[in-house]
Each structure stands twice: as C-alpha cells, then as structure tokens.
Amino acid sequence: MTPDTEVAPAVQARGLTKRFGAKTAVGGVDLDIPRGSFFGLVGPNGAGKTTSMSMMTGLLRPDSGTVRILGQDVWRDPVGIKSRVGVLPEGLRLFERLSGRELIGYTGRLRGLAADVVGLRGGELLSVLGLTADADKLVVDYSTGMRKKIALAAALLHNPEVLFLDEPFEGVDPVSAGTIREVLHRFTRSGSTVIFSSHVMELVEQLCDHLAVINHGRVVAAGPLDAVRGGASLHQAFLSLVGVAPRGDGEEELAWLGSSSG
Amino acid sequence: MAWVFVRLKVSLIAGSLRGSTGRTIGFVAGLVLAAALGIGGFVLTSMMRLIPEQAEHVGVLLSFFLVASWIALPLIRFGVDETLDPTRLALLPIRPLTAAVGLLAASATGPVPIACLLVLLGMAVGLSGGPLSIVVGVLAALCVFALCIVGSRAVTVSMAGLLRSRRGGDIALLAGVGVFVAFQFANIALQRASFGDTTAFLAEFAEPLSWTPPGMAAAAITAARDGRPLASAALLAAAVGTVLLLGWWWHRLLARSLVTYDASTQSGGTRRGAGFGTRIPWVSARTAGAAARELRYAWRDPRRKANWIMALVVAGIVVFSTTGAVADAIDLQTMVLTISVTATIVGMQGANQFGQIGGSLWMQAVATERLDQVRADVAGVNLAIAIIGVPILVLVAAAMAVVSGEYAALPGTLAAGLAVGGVALGLANLASVYIPYRLPERRSNPFAGPSGGQGLTIMLGSMVSLLGTALLSTPVTYAVLNLDEGYGPLLLAAGACYGAAVAWAGRRLTGRRAYARYPELLADLARAS
C-alpha cells in the first residue's frame, strides 16, 4: 500500500466509457467522491447512473477509463478491493430460495467471515432492519421493501468502507425507508462513504452532502450540495442542468388528452 | 391482427439473438436442421406411394405420433413457448377470439412447426392417388397440423393456472415425469413386440389409432384414394370437428385466463435448518457454503428438483430396459453401459451451473476478487453433485448386482460409474462457462427450457460433451471390461481417482475462464429474457 492511498478519495473515476452496440451509455465520466461523504448520483432515466455504478463496482467491464477505489484500481488490481466495498445493485435478484437468515449466512461465507462473526452481525442487522420475524421465510416471498433491507444487510455484513446503492429507496414504504436512512447515516458518521443513485431530488437534498448530476452519459455538474444547487432548490437546478426548460402548458402537443377535448 | 402476433414472435426470436454471435450461429444451425428434417421428412413420407399397402398404417401412426408429441411436449417441458404467455395479454384490449387466432398463428410460426407441416404435406402426397385424394390429403394434413397446434396450446393453457402456483410446480413435476415414464414404457413394449410380419405388426398398432382424430384424417386420404368418397368425407369431417371442438375449448380457457389473476404466491412457509456455519473437514468455508446452497436449491427449486428427479427416472428406466427383461443375461457389459449412462446424467447436472444461479450471480461476483474463490464456488457445486450423485450410482450398481447375482462385477461397474461421472462433471463444468445460457425467471415452471434461440447451441454443446465423456472415460471402461475381475478393488480405486482427477481439472480450467470473464458472464446471464 503506497502512502498516498491513505489520502486517496473513496472513488476516483477517469474517462469511464461504455457502449452497447451503437449506443454510448456512458461517454467519459470523471468523478471524485471524497471519503466519508454521503454522495448522490442523480440524473434522468437512462442517463447512465446504473451503468456507471456497475463499472465502479467491478460488475461491468468499461470500454475505457479507470476506476480507483480507496486508491486501488478496481479493474487492473482487484485483489483486496472488493472486500472493502459493499454493493446493492438495481433489480435486486437474490438467491430466492434461501431464507433471509440463510442468505446472510451464505454472504458471510462468500465474504470469508468467521461463522460466529456472521451470526452476531447478521442477527443485529436483521433486528435493526426489522426482519427478525421474517428471517426464516424464503426471500422469494419477501416484499420489495424487505428485499431492499435484506440486500442492504448482505451489503453491510463485511463492514465495507465504501457502499454503493442503486435506487435504495425505490418501492420502499416510508417506515422501511426511515430505517434504511438511519442505518446509512450511522454508517457515514463513522467515516465510511455512501454513494447512492436516485432521481428523487428531495431525498438527495435531505441526505447528501455531495452530488453529481449525470445526463446523456456525462457528468454535467459535481461537487458539494450547495455549490451544485447554487441558491435555488435542487429540483430547479437539476432541471436547468439537464437542459429541460419548464414547458408552458403544452397547448400544441397533447391537445387530445383530457376530457375537454372532442 | 394474427399477423401482428406472428411479427411479435419473430421479433422476440430476433431480439433474443441480438448481440450474441454464438446464439445466432446456434439458431441458424437449428434452422438448417429443421429445414433438413422438414424437406427430408417430406421426401420420405411422399415416398409412401411406393408401399400402398402399408401406407395407410404408417400415415395413421405418423399423424397420431405427431399430435401426441405436440400435446405431450408442454407437459414435459412446460413453457416450450415462453414468449406466448396469454396472461401477458391480459391488460390489452384484445377479444379472446382475436387473441386465440393470434396465438395460434404465432404458435405456427417457427422452424419446427413449419418442418412438421412439411412432413404432413409429404404424407398427403404419399397417401393420395388422384386429384380428389390430393385435395383431401392437403385438407387432412392441415387438419392434423391444426390438431397439433391447438392441442398443444389447449394443454398449456389448461395447465397454466395449476402450474403457476408454487405447489403447482411439484404437480407439474409429477405430470411430466408420468408422461415421460409412460412414453418410455411404451417404447420398451414396442421393442419387445414381434417384428415378423411388418404389415400385420403395423396394423396391430394402427387399427385402434385410426379411430383417433389424427388417425381419421390420415384414413380419409386413403379412403379417397381407394374410391370411397363418402367414407372419406365422413372421416375428414370428424377430424375437422375435433379441431373445432378443441379450438372452442381452448378459446374458453383462454378467455378465462385473461380475466383471472393469480394470487397463489401470497402464502409461504418458513424454513429453518442448520445455518451456513457447518464446517466440513478438508473443505474451505466458501466451498462448503456453495455446496450447502446447492443442496438447498436441489430440494427447494422446482427446476433443480426436476433435473434430479429426471436423472433418477432416466437411470431407473435405463436399468429396467437393459436388465429387466432378461435378468439371467445381465453381464458386465450391460452393467457398465447402464452405469455409464446413469453417471453421465449425474455429471451433466453441473452444466450451466452459472446460468442456474442466473440473476443472483452478482452476489457472488461482488465477493470474488481472486481466482481461488471462483474455483471454490465451482468445487462447492461439484461437491453437492457428488453428495447426491454418488449414492445414486452406488444404488444403481448394487441393484444390478443383486438382480443378476454378478457380485464380482460390482467393483468394476462402480469404477466405471465413478470415472464416467467424474469425466462428465469435468466437461459439464467447462460447458457451464463456455456455453452458459439464460433460463426464464418464471419460477413456477420446472421444465422450462432455455429462452428462445439458445436451444441449438445447447444441443450441440451437449453432444460434444457426451462425445467427450465417452472418449475420455474409455481408459477406465476398457480396463474394466478387459481385466480380470480379481482386479476389482484396484479398478475401483483407479476409476474413482480418474473421475475425480478429470472433474478437478475441469474445475480448474472453469475457474480460470470464469474468473477472467465474470463481468461478461454476468452481462450474458442477467440480460432479461
């Protein structure tokens, strides 16, 4: 470990590019995510948030560009880095035919944790996330909120230093969302880093201290929350950044929509 | 409207091929094979003109066999046509009749149905003899084709509600196994029948079947040829009537399935067992974890369970068909052959192990940074297969030894079984990274095959693996068959070591390949199907 890894940012991406056939999903993303930050990755649907995140977590091979996490190159030198990273990807397909408790147990095995550590941490995570009562049900019977929570528990089990979450609050009821937020806040207060993607600006405004706005596969703004929104609400700042001027009432288009039309 | 459905099916096939050269090649090979079958079948069946006496019997048997297989296929592999699930149409403003016609048109689209139609048209040519009988022949061929399509769709829809629930998965399992067993027993019975007089032999089977709707359609052609227009018209009318009746029934089932919502997945039991903390001596924690996961899945996942039950059933049938008839005549050769087939099936359970993990593969990927971790995962899968498979092999070998009384042949038989099983497992490991394939996500569907367009790649892959298994296990089987039985214990040890060594080597190569292209595996397998 070189000395400068001590001060390296949590995540540093340079020129990340990914093309799917003729479509460029991510066209050169540069990002610096400071350690200990609660970092929001925002952008419209299809902007390249998930693709960028998959490349940063080592799940999707970039066409070009580099990703360094805690100073170490994820793609060139993966040994030792994945155990410092936790991931909750989109879609959340889990081992459906294991119970919640077994899923945590298996994750512990994959992460190479000792059985007693897994038992202790798993029990606490399940209890904090309110899953103890359902821990012996198969994941296939879990609701969306429960799935997010069990996946979060699995992502936190090995106590990562950097946590990537793709839309962690989508489809989650307010009670579960509150629990997840509490856990995440406690996590960042200890100096760990959370990176999460969302397109709910109010949520990002409440939770994050830093953010980056992605549009058409590029970073259009990045930095501390106040610098990015520049006095306005994040919602307004976002709309002007992604280049959508507020429409009028759209008289010309959609004239047929609604009951007053013929 | 029907045209829209046909185009939908074509786009679905095209979409599943996009971006994968391997799959495209597989599909093209499938097209060529279907074309060869269709054209070859047409030529062969039209040559029935040369044997007018047996032609009617052959025609009746052929029609019956085609319709029966079309109806049985969705039972054995429910979801032959994943792309045409009627419940996906539930929200669209489509009348049931339109949907019915459209789905039928889509069912008839594809290389296999067209090959089937060609064979039937060839039969029409083969059975007919004049202008009138040609017309009747074409009508009868279309009628049998319609029976195939409508029958298959009707069975699928009527089973769909049952199959969609989680318990239903188990019922489907039984039904599928039942059909398979029945078919195999019919096959065995057929093999035992006397082959003395071909015409009499054919007639014995064809006569009762000529009163089934497909049989009547075929008989209508020969009736027209032999100058019995009234009989011909009556037979054809009866067959067409059956098609209409079946179509009406299917249409009603479809109308109902479009408006009923399935809520059977709401209740779920709890599972409590030993956690993942159990340690196995000599085995790394990661391997033990993967093995524990696989063993749970073998029981809880209907698809995995279906694979194992089919393996058992096939083993049983092989044992029965090679040994059941003539218990006295069982010799070492029969025993080695039988155990080899069983062992191959057991070993092949390791094929597509990454595809079976499917969408949840990322959970392993995020926890994988070193090559030895991938190898540990593959080893865990292999260990689970050995834990289930070795007792099966011992059981089969012991059963044959008891039936035949050839106890001296037992060590050699077992040696061959372990060697062949190990080789098959090693090659299955390799196949799982070289030809991984997506399985549909629908969980209630134990016999669902790979999603569209991948079938032929897999078939070619399996054929190569089977050939490789036969070749690579030759040293052991040769030794077993040619050495004195006194070498039994030695052979057993050697066979077990040989099998384990090949499986181990396969696991090492598999690990290297999977480690190098984990992201590509993920992209390939996680793509929505």
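Kindly indicate which of A:Arg229, A:Arg189 is crowded, with 19+ Cβ neighbours inside 10 Å and among the basic types (Lys, Arg).
Among A:Arg229, A:Arg189, only A:Arg229 is crowded, with 19+ Cβ neighbours inside 10 Å and among the basic types (Lys, Arg).
Spot the failing condition for B:Pro391; the list is (1) modelled with pLDDT under 90; (2) surrounded by fewer than 20 Cβ atoms within 10 Å (Cβ to Cβ), and only one is missed.
(1)
Checking A:Ser143 against (1) among the polar types (S, T, N, Q); (2) at the interface with another protein chain (Cβ under 8 Å from one of its Cβ atoms); (3) free of Cβ contacts under 8 Å to residues at least 40 places away in the same chain: exactly one of these is not met. Which one?
Result: A:Ser143 fails condition (2) only.
Do the conditions hold for A:Arg97, that is, is it within 7 Å of chain B (Cβ to nearest Cβ) and touching a residue at least 24 places away in the same chain (Cβ under 8 Å)?
Working: within 7 Å of chain B (Cβ to nearest Cβ): yes; touching a residue at least 24 places away in the same chain (Cβ under 8 Å): yes.
Yes, satisfied.
Considering (1) farther than 14 Å from B:Gly426 by Cα; (2) open to solvent by 20 Å² or more (accessible area, probe 1.4 Å); (3) away from chain A (no Cβ under 14 Å), say which one B:Arg507 fails and leave the rest.
Of (1) farther than 14 Å from B:Gly426 by Cα; (2) open to solvent by 20 Å² or more (accessible area, probe 1.4 Å); (3) away from chain A (no Cβ under 14 Å), only one is false for B:Arg507: (1).
Go through (1) buried (at least 16 other Cβ atoms within 10 Å of the Cβ); (2) farther than 22 Å from B:Leu525 by Cα for B:Ile39 and report which single condition fails.
Going through (1) buried (at least 16 other Cβ atoms within 10 Å of the Cβ); (2) farther than 22 Å from B:Leu525 by Cα one by one, B:Ile39 breaks only (1).
B:Ala415 fails exactly one of the following numbered conditions: (1) crowded, with 22+ Cβ neighbours inside 10 Å; (2) more than 23 Å from the chain's Cα centre (by Cα); (3) under 22 Å from B:Ala306 (Cα atoms). What is the number of that condition?
Only one criterion is unmet by B:Ala415, namely (3).
Would you pick out the residues in segment B:474-493 that are assigned to a helix (DSSP H, G or I) and either charged (D, E, K, R) or not assigned by TED's automatic domain parsing to the domain that holds B:Thr334 (or both)? Reasoning before the result, please.
Step one: of segment B:474-493, the residues assigned to a helix (DSSP H, G or I) are B:474-482, B:485-493.
If the condition is that a residue be assigned to a helix (DSSP H, G or I) and either charged (D, E, K, R) or not assigned by TED's automatic domain parsing to the domain that holds B:Thr334 (or both), then B:Glu485 is the only one that fits.
Taking the residues in segment B:117-142 that are open to solvent by less than 10 Å² (accessible area, probe 1.4 Å) and out of contact with any Lys or Arg (no Cβ under 6 Å at 6 or more places or on another chain) as candidates, determine which candidate is nearest to B:Glu56 (Cα to Cα).
Filtering segment B:117-142 for residues that are open to solvent by less than 10 Å² (accessible area, probe 1.4 Å) and out of contact with any Lys or Arg (no Cβ under 6 Å at 6 or more places or on another chain), the one nearest to B:Glu56 (Cα to Cα) comes out as B:Leu127.
Anything in segment B:353-365 that is aliphatic (A, V, I, L, M) and open to solvent by 10 Å² or more (accessible area, probe 1.4 Å)? List them, or say none.
B:Ile357, B:Met363
With respect to B:Gly350, determine if the residue is surrounded by fewer than 24 Cβ atoms within 10 Å (Cβ to Cβ) and away from chain A (no Cβ under 11 Å).
Against the criterion (surrounded by fewer than 24 Cβ atoms within 10 Å (Cβ to Cβ) and away from chain A (no Cβ under 11 Å)), B:Gly350 does not qualify.
Of the conditions (1) open to solvent by 60 Å² or more (accessible area, probe 1.4 Å); (2) under 19 Å from the mean Cα position of the chain (by Cα); (3) at pLDDT 85 or above, A:His199 satisfies every one except a single condition; which number is it?
Only one criterion is unmet by A:His199, namely (3).
In segment B:278-291, how many residues are among the hydrophobic types (A, V, I, L, M, F, W, C) and either in contact with a Pro (Cβ under 8 Å, 6 or more places away or on another chain) or open to solvent by less than 20 Å² (accessible area, probe 1.4 Å) (or both)? Spell out how you get there, then give the answer.
In the first step, residues of segment B:278-291 are kept if they are among the hydrophobic types (A, V, I, L, M, F, W, C); the result is B:280, B:282-283, B:285, B:288, B:290-291.
Next, only the ones that are either in contact with a Pro (Cβ under 8 Å, 6 or more places away or on another chain) or open to solvent by less than 20 Å² (accessible area, probe 1.4 Å) (or both) stay: B:288, B:290-291.
The total comes to 3.
Of everything in segment A:106-123 that's more than 17 Å from B:Ile357 (Cα to Cα) and without any contact (Cβ under 8 Å) to a residue 24 or more places away in the chain, which residue is nearest to the other protein chains (Cβ to nearest Cβ)? Quick ask: steps written out before the conclusion?
The first filter runs over segment A:106-123 and keeps only residues more than 17 Å from B:Ile357 (Cα to Cα), leaving A:108, A:111-123.
After this cut, where a residue has to be without any contact (Cβ under 8 Å) to a residue 24 or more places away in the chain as well, the list is A:114-117, A:119-120, A:123.
On the way: A:Ala114: 8, A:Ala115: 4, A:Asp116: 8, A:Val117: 10, A:Gly119: 7, A:Leu120: 12, A:Gly123: 11 Å.
Applying the filter and picking the extreme gives A:Ala115.
Which numbered condition in (1) within 8 Å of another protein chain (Cβ to nearest Cβ); (2) surrounded by fewer than 17 Cβ atoms within 10 Å (Cβ to Cβ) is the only one that A:Leu60 fails?
(2)
How about segment B:510-526: which of its residues are open to solvent by 50 Å² or more (accessible area, probe 1.4 Å) and either of a type in the set (A, V, I, L, M, F, W, C) or not assigned by TED's automatic domain parsing to the domain that holds B:Arg370 (or both)?
Matches in segment B:510-526: B:Ala516, B:Ala523.
Across segment B:104-155, what is the number of residues that are among the β-branched types (Val, Ile, Thr) and either without any contact (Cβ under 8 Å) to a residue 12 or more places away in the chain or more than 22 Å from B:Leu73 (Cα to Cα) (or both)?
Our first condition is that a residue be among the β-branched types (Val, Ile, Thr); within segment B:104-155, this holds for B:109, B:112, B:114, B:119, B:125, B:134-136, B:138, B:144, B:149-150, B:155.
Then drop every residue that is not either without any contact (Cβ under 8 Å) to a residue 12 or more places away in the chain or more than 22 Å from B:Leu73 (Cα to Cα) (or both), which leaves B:125, B:134-136, B:138.
Within segment B:104-155, residues that are among the β-branched types (Val, Ile, Thr) and either without any contact (Cβ under 8 Å) to a residue 12 or more places away in the chain or more than 22 Å from B:Leu73 (Cα to Cα) (or both) number 5.
Counting only residues that are part of a loop (DSSP other than H, G, I, E, B) and without any contact (Cβ under 8 Å) to a residue 60 or more places away in the chain, which one in segment A:81-93 is nearest to the other protein chains (Cβ to nearest Cβ)?
A:Arg93
Residue by residue through segment A:26-44, note down the ones that are in a strand (DSSP E or B) and open to solvent by 10 Å² or more (accessible area, probe 1.4 Å).
A:Gly27, A:Gly28, A:Asp30, A:Asp32
Taking segment B:47-74 as the search range and keeping residues that are of a type in the set (S, T, N, Q) and surrounded by fewer than 19 Cβ atoms within 10 Å (Cβ to Cβ), which one is farthest from B:Val155 (Cα to Cα)?
Checking each candidate, the answer is B:Gln54.
The values are calculated or read from the model by the stated rules, or taken from the named source; none is laboratory data. None of the values given here were measured: they were computed from a predicted structure. Every residue, glycine as well, gets a Cβ built from its backbone with ideal geometry; the counts of neighbours run over all protein chains shown. Note: accessible area is taken over every heavy atom of the protein model, side chains too, but ligands, DNA and RNA are not part of it. Shrake-Rupley method; radii C 1.70, N 1.55, O 1.52, S 1.80 Å.
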